[in-house]
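To start, the structure itself, in structure tokens.
The values are calculated or read from the model by the stated rules, or taken from the named source; none is laboratory data. Please read all numbers here as calculations on a predicted model, not as lab measurements. Note that each Cβ is placed from the backbone with ideal geometry, even for glycine, and that neighbours are counted across all protein chains shown.
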């Protein structure tokens with residue numbers, strides 16, 4: 001087969017993917033941009049974007065970014081030592097441990113969040129246990145902490161898997177060499193394991209931050225009644241305007257741009273990360 005035929009076959013094989021991208025990616029994006037630049041009468045302008053900086057939308061953006069940042073940091077703090085612990089286990093035990101953490105992901109996202117709200121209720125399982133051992137009732141649900149807990153619970157596996165995947169591929173000889181050269185456990189982690197696992201950390205941060213900043217059901221189910229994240233604002237704006245999507249589209253587009261910027265920044269740090277560990 002000559003080069004011309006091979007090139008033609010490659011283009012033909014990629015055509016279904018291109019059609020899919022046009023219909024389900026580019027076309028919806030074009031509609032979002034169009035609605036964001038028009039009002040309900042179809043007049044073009046930047047009034048929707050100006051409105052975001054004149055009302056409470058900017059505050060909601062900042063709250064959403066702050067909650068996404070906090071939940072991402074907590075997921076990283078939990079997932080990194082957990083991934084290290086799993087890589088130290090036997091191979092058959094590694095698969096079992098990973099399956100235990102992946103089991104909740106087999107359940108629908110809405111059902112997982114609803115189940116968590118059942119545990120956090122005033123009459124739920126956690127408060128029942130606290131009462132049985134002599135503690136009073138604790139306000140767990142409908143709080144800001146419950147929203148962060150819901151994000152961590154739902155998105156922790158997205159942080160764990162990339163870090164574990166990278167850690168499991170690190171050459172064990174490097175770790176043994178660092179120990180032979182006098183490094184203790186903490187020095188080995190800081191000078192060998194951490195630099196080599198940066199790609200997994202960056203990937204995990206991206207996979208947790210993006211859904212956290214745009215989530216809406218978690219805050220509705222677990223947060224206070226007057227609490228609102230940017231995903232809630234988009235949903236309420238589209239529903240309240242009876243099919244007029246202009247302002248909601250503008251918010252969605254700005255959120256998408258912010259997410260792309262965050263991803264670009266994380267990829268920049270990932271590209272500059274070292275390829276190997278350093279023995280000192």
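Residue check: is residue 228 surrounded by 18 or more Cβ atoms within 10 Å (Cβ to Cβ) and not in a helix (DSSP H, G or I)?
On the way: surrounded by 18 or more Cβ atoms within 10 Å (Cβ to Cβ): yes; not in a helix (DSSP H, G or I): yes.
Yes; evaluated as a whole, the condition is true for this residue.
What's the number of the condition residue 148 fails, among (1) touching a helix residue (DSSP H, G or I) at 6+ places or on another chain (Cβ under 6 Å); (2) surrounded by 12 or more Cβ atoms within 10 Å (Cβ to Cβ); (3) without any contact (Cβ under 8 Å) to a residue 60 or more places away in the chain? (3) is the only condition that residue 148 fails. Condition first: more than 25 Å from residue 118 (Cα to Cα), modelled with pLDDT of 90 or more and touching a helix residue (DSSP H, G or I) at 6+ places or on another chain (Cβ under 8 Å). Can you find one or more residues in the range 221-228 that meet it? No: zero hits. For the range 38-53, how many residues meet the condition of being without any contact (Cβ under 8 Å) to a residue 40 or more places away in the chain and closer than 19 Å to residue 244 by Cβ? Count: 8.
All of 73, 25, 60 fail the test of being out of contact with any strand residue (DSSP E or B) (no Cβ under 6 Å at 6 or more places or on another chain), farther than 30 Å from residue 145 by Cα and in a helix (DSSP H, G or I), apart from 25. When we screen 89, 66 for residues that are without any contact (Cβ under 8 Å) to a residue 12 or more places away in the chain, touching a helix residue (DSSP H, G or I) at 6+ places or on another chain (Cβ under 7 Å) and within 27 Å of residue 207 (Cβ to Cβ), the only hit is 89. Scanning the range 93-122 for residues that are touching a residue at least 60 places away in the same chain (Cβ under 8 Å) and either within 23 Å of residue 224 (Cα to Cα) or not in a helix (DSSP H, G or I) (or both) turns up 109, 110, 113, 114, 116, 117, 120.
Pull up the range 50-65, narrow it to residues that are modelled with pLDDT of 90 or more and surrounded by 12 or more Cβ atoms within 10 Å (Cβ to Cβ), then point me to the one that is farthest from residue 159 (Cα to Cα). Per the criteria, the residue is 60.
Without any contact (Cβ under 8 Å) to a residue 24 or more places away in the chain, out of contact with any strand residue (DSSP E or B) (no Cβ under 9 Å at 6 or more places or on another chain), surrounded by 15 or more Cβ atoms within 10 Å (Cβ to Cβ) and more than 21 Å from residue 205 (Cβ to Cβ): is that true of residue 134 in this structure? Spelling it out, it is not the case that residue 134 is without any contact (Cβ under 8 Å) to a residue 24 or more places away in the chain, out of contact with any strand residue (DSSP E or B) (no Cβ under 9 Å at 6 or more places or on another chain), surrounded by 15 or more Cβ atoms within 10 Å (Cβ to Cβ) and more than 21 Å from residue 205 (Cβ to Cβ). If the condition is being within 21 Å of residue 171 (Cβ to Cβ) and in a helix (DSSP H, G or I), then the range 81-92 contributes 81, 83, 84, 85, 86, 87, 88, 91. Residues satisfying the criterion are present in the range 15-32 (criterion: in contact with a helix residue (DSSP H, G or I) (Cβ under 7 Å, 6 or more places away or on another chain), modelled with pLDDT of 90 or more and surrounded by 11 or more Cβ atoms within 10 Å (Cβ to Cβ)).
Somewhere in the range 131-154, is a residue over 30 Å from residue 227 (Cα atoms) and under 19 Å from the mean Cα position of the chain (by Cα)? Within the range 131-154, not a single residue is over 30 Å from residue 227 (Cα atoms) and under 19 Å from the mean Cα position of the chain (by Cα).
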